[in-house]
Number of protein chains: 2
Amino acid sequence: MAVITPSRRVRKTPFTPGVEAAGVGGYTVYNHMLLATFFESVEADAAHLKQHVQVWDVACERQVQIKGPDALRLMKMLSPRDMDRMQADQCYYVPTVDHRGGMLNDPVAVKLADDHYWLSVADGDLWQFALGIAIAHGLDVEIDEPDVSPLAVQGPKVDDLMARVFGEEVREIRFFRYKRLPFQGRKFVVARSGWSKQGGFEIYVEGSEYGMPLWDALFAAGEDLNVRAGCPNNIERIESGLLSFGSDMRRDNTPYECGLGRFCNSPEEYIGKAALAEQAKNGPPRQIRPLVIEGEIGLCTGSWPLLAEGRQVGQVASAVFSPEFGVNVAIGMVDRSHWAPGTRIEIETEHGMRWAVVQEKFWR
Amino acid sequence: MAVITPSRRVRKTPFTPGVEAAGVGGYTVYNHMLLATFFESVEADAAHLKQHVQVWDVACERQVQIKGPDALRLMKMLSPRDMDRMQADQCYYVPTVDHRGGMLNDPVAVKLADDHYWLSVADGDLWQFALGIAIAHGLDVEIDEPDVSPLAVQGPKVDDLMARVFGEEVREIRFFRYKRLPFQGRKFVVARSGWSKQGGFEIYVEGSEYGMPLWDALFAAGEDLNVRAGCPNNIERIESGLLSFGSDMRRDNTPYECGLGRFCNSPEEYIGKAALAEQAKNGPPRQIRPLVIEGEIGLCTGSWPLLAEGRQVGQVASAVFSPEFGVNVAIGMVDRSHWAPGTRIEIETEHGMRWAVVQEKFWR
C-alpha cells in the first residue's frame, strides 16, 4: 500500500513524536487522527504484548464532552444502558443506536460528575449526533471535543510500571473504574481498561503539553520491564473477541447482533428502544461469531462474504493468523441459520475461496 | 511517513482497482474512505492537470441522502442558504453550522426532487448531525448513505473527453448545474463542478458495479487526449483558493471567517442564524487570506502559527511551492489586525521561522 499523507485534517497526536521515534511501521486514520497499526510487525508486537508491557498512543479515542445541567438527560437519550446506576468513578461501555436500533458507535462513557460525562468514542463523529439531538431539544448542555488524549498501557507487567509512575494506588483500581492520579502536578483520570485482554490502564491525558513528558516518564520507568511502544494489535484483539466498530459491526447492525444485548437495560425511553424490542424478545437474525478459516488467507483488507449454496449468510471483516493458537482466527457476523458451533461455511477471501468453521467461543 | 493499513473501516472505493493500477503514490483517509494524494508527484500531477484531463476517484465525497416528505423542511434547518430558490437541476454550496454558527461541514447540496436531496460532504459525519435533528424533531425523512460514488473529470480537455462518453449534451451543462446522462443503460447525475479551477465535471456514479466500467470507458476514450489518473491537487487547489474543511477551517470558524458569508442568505430560521447575526452586520474578527511565504518551507503537515510580537494572529494549514507562480502559496486564517494585503507576519513552520505576506487575491 501507499504511504499516508499528513495534514492538519488528519491530525497528529500529542504522542506522535514518540510513536515516530519508536519506528512506527503503519498507520490508519481514526477520528481524523493518526493511529499506529504496527511497529516491528503485528506478530512480533503481539508476542511482546503478551509477555511484557506496552505504551499505546490511542489519542484517537477522542472524547465527546457532555457538560451542563442537562448532561444526564442527554445521556439517557443516547444510552441503552441504565445511567442511573452509574457511579462517579465508573466507565460504562455504551452501544449507541439510532431510532431504528442501528449502531452509531460503541463508546466508553466516563462519568466525571453528575453533570459531566465523556464519551470515549470509536471511529465516527458521534458528537454530531449528540449535538443534533441537544440542539433540537434545546438542552442546556455543551458538546465539544476537549484536549484529552488517552494513552493506554497494556500487558502483564502493567501494574508494576504504572505503580512506578502513578503510585501504588493504581493497583487498587478495579476493571472499568478509575482514580484521579497525579502526574507533574496535574491529576489525570486513570482507568483500568483498554483494547486488549492482557490487562491494562488508560490514562486520559488532559492537556497536550503533558503528552510527551508522560510518554517519556513511562519509558524511563519501564526500561527493566522491557517496555515498548505498541498499538491495538490485530492478532491479540481478534483472539480476544474485541470488536472494531466500522469493521465488525456498523449502522446496519443492532447491539443484539453484536452480542451486546446485555447492555440494553435502560428503563428510560432512549432513542431506538422501541425498535430493539423485537430483538430483545426473539433474539437477532444474525450475530457475531468467532470463526477459524482453513488454509492460507493473506491480509483481510475489506469484507469477505460467507456463502452457503450461493447465498450470502454473513461476512468476516477481521481475520489473521494467530501464531499462539496456530490457526487463522476471525470475527464474523453470521446468520442464525449458520451460526451453530461447528458449522462449516464457504468464505470468499481476496485470495480465493476457503472454508470457515464457527467456533464455540473466542480464544480468551 | 509510514504506509497506510487498509481495513473494512477504512473503505476502498469502486475505483480503487483503477487507482492502484495507475500507480498511486500516497493516500489520505476522508469520510472513512481512501483518497489518493498524488500519482507521479504533486508537482507533475499539477502540471498535467493544467494542460490535459484527469480522472479523479473522489468516491470519498460521500452523499448524505435526505429523502421524504420533510426533506425540504430539514434542508431549511441545516442550510444558511435560501433553499426555496434552488432549482431541480442545481447544486448549491452550503456551509452548514451549529447553533453557535461554527462550521460543521461545507457540502455541495444536489437537488434531485422536491423531497430528495444529496449532501456531497467534506470530511466529517454530517449525516449524524442531520439524523440527530431529524429524530429529535420527529421529521418524516430517511437519512442514509446511498451507494453513490462521485468520479471527477477535470482539466482543460474535459469537455471533449466527457462528450465522447456521455454525448454532446455535456457541453451545455452550466456551472453547478447537472443533467442526467446515460452510461451502459443507467442514468447518472453529471454536474459541472469539482475541486479544481481547470474546468470539469463530477459524475455521481449510482451503483458500485458501474465504477470500473466507467473508469475504463473514460481512459479508453481519452487516450489521444493524454488522460491520466489524478486526484485533488494540493498545488492547484491552494493557487485557486479552494478551502479544505478540517484544515483551512473547522468548527471554531464561522462561514463569514471562511469568506462564505454570501451563502448565508436564507430567510428561514436555520440553525445558527441568530449566532451569525453579529458577524453578518460587523464582519468577522478573522478571515481566510492568501499568503506568500518567503524562503524554503518543506511540507506543511499540520498548522503553522502566524505571530506578531509574540502573539498569535492566525495560522496556516495549507502551503506549498507553486512551480507556475514561483512562490510558496498558502491559505491562512488571519486576524483583522493583520489581514490587510501587504502585511508581513512571522510564521512558525515545522522547518523554522519564515515571513508570510498577505496577498490581495488567490492566484486564479
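Remarks
- Considering each residue of the range A:30-37 in turn, none proves to be in contact with a Leu (Cβ under 9 Å, 6 or more places away or on another chain) and either surrounded by fewer than 24 Cβ atoms within 10 Å (Cβ to Cβ) or within 14 Å of chain B (Cβ to nearest Cβ) (or both).
Condition check ((1) more than 26 Å from A:Cys300 (Cα to Cα); (2) touching a helix residue (DSSP H, G or I) at 6+ places or on another chain (Cβ under 6 Å)) across all residues:
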{"residue": "B:Gly18", "(1), (2)": "no, yes"}
{"residue": "B:Ala21", "(1), (2)": "no, no"}
{"residue": "B:Ala36", "(1), (2)": "no, yes"}
{"residue": "B:Asp45", "(1), (2)": "yes, no"}
{"residue": "B:Leu72", "(1), (2)": "yes, no"}
{"residue": "B:Asp84", "(1), (2)": "yes, no"}
{"residue": "B:Val94", "(1), (2)": "yes, no"}
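- Count of the range B:343-363 residues which are out of contact with any Cys (no Cβ under 9 Å at 6 or more places or on another chain) and open to solvent by less than 40 Å² (accessible area, probe 1.4 Å): 7
- Of residues in the range B:1-52 being of a type outside the set (Val, Ile, Thr) and without any contact (Cβ under 8 Å) to a residue 12 or more places away in the chain, the one nearest to B:Phe219 (Cα to Cα): B:Ala21
- Residue ID - surrounded by the most Cβ atoms within 10 Å (Cβ to Cβ), chosen from residues in the range A:3-29 that are hydroxyl-bearing (Ser, Thr, Tyr) and facing chain B (nearest Cβ under 8 Å): A:Tyr27
- Note on the range B:38-68: among residues that are under 23 Å from A:Gly26 (Cβ atoms) and open to solvent by 30 Å² or more (accessible area, probe 1.4 Å), the one that is farthest from the other protein chains (Cβ to nearest Cβ) is B:Ser41.
- When we screen A:Gly326, A:Gly230, A:Gly283, A:Gly241 for residues that are touching a helix residue (DSSP H, G or I) at 6+ places or on another chain (Cβ under 8 Å) and at positive phi, the only hit is A:Gly283.
- Members of the range A:138-190 found to be under 30 Å from B:His99 (Cα atoms) and touching a Lys or Arg at 6+ places or on another chain (Cβ under 6 Å), listed by number: A:Glu142, A:Glu145
- From the list B:Ala340, B:Ala308, the lone residue that is open to solvent by 10 Å² or more (accessible area, probe 1.4 Å), farther than 20 Å from B:Gly241 by Cβ, modelled with pLDDT of 95 or more and more than 14 Å from every other protein chain (Cβ to nearest Cβ) is B:Ala308.
- Pairs, first more than 14 Å from every other protein chain (Cβ to nearest Cβ) in the range B:289-303, second at pLDDT below 95, C-beta under 7 Å, six or more apart: B:Ile297/B:His351
- When B:Pro290, B:Pro267 are checked against the criterion of being over 30 Å from B:Met212 (Cα atoms), surrounded by fewer than 17 Cβ atoms within 10 Å (Cβ to Cβ) and not assigned by TED's automatic domain parsing to the domain that holds B:His52, B:Pro267 stands alone in meeting it.
- Among the residues of the range B:238-252, those identified as assigned to a loop (DSSP other than H, G, I, E, B) and either of a type in the set (Asp, Glu) or open to solvent by less than 10 Å² (accessible area, probe 1.4 Å) (or both) are B:Ser240, B:Ser247, B:Asp248, B:Asp252.
- Of all residues making up the range B:110-154, the number that are in contact with a Cys (Cβ under 6 Å, 6 or more places away or on another chain) and either open to solvent by 10 Å² or more (accessible area, probe 1.4 Å) or within 13 Å of another protein chain (Cβ to nearest Cβ) (or both): 0
- Strands (runs of 3 or more DSSP E) fully within the range A:269-362 counting 2 or more residues that are of a type in the set (Lys, Arg): A:286-293
The values are calculated or read from the model by the stated rules, or taken from the named source; none is laboratory data. Since this is a predicted model, take the numbers as computed values, not measurements. We place every Cβ from the backbone using ideal geometry, glycine too, and count neighbours over all the protein chains shown. We work out accessible area using only protein heavy atoms, side chains counted, and drop any ligands, DNA or RNA first. Shrake-Rupley method; radii C 1.70, N 1.55, O 1.52, S 1.80 Å.
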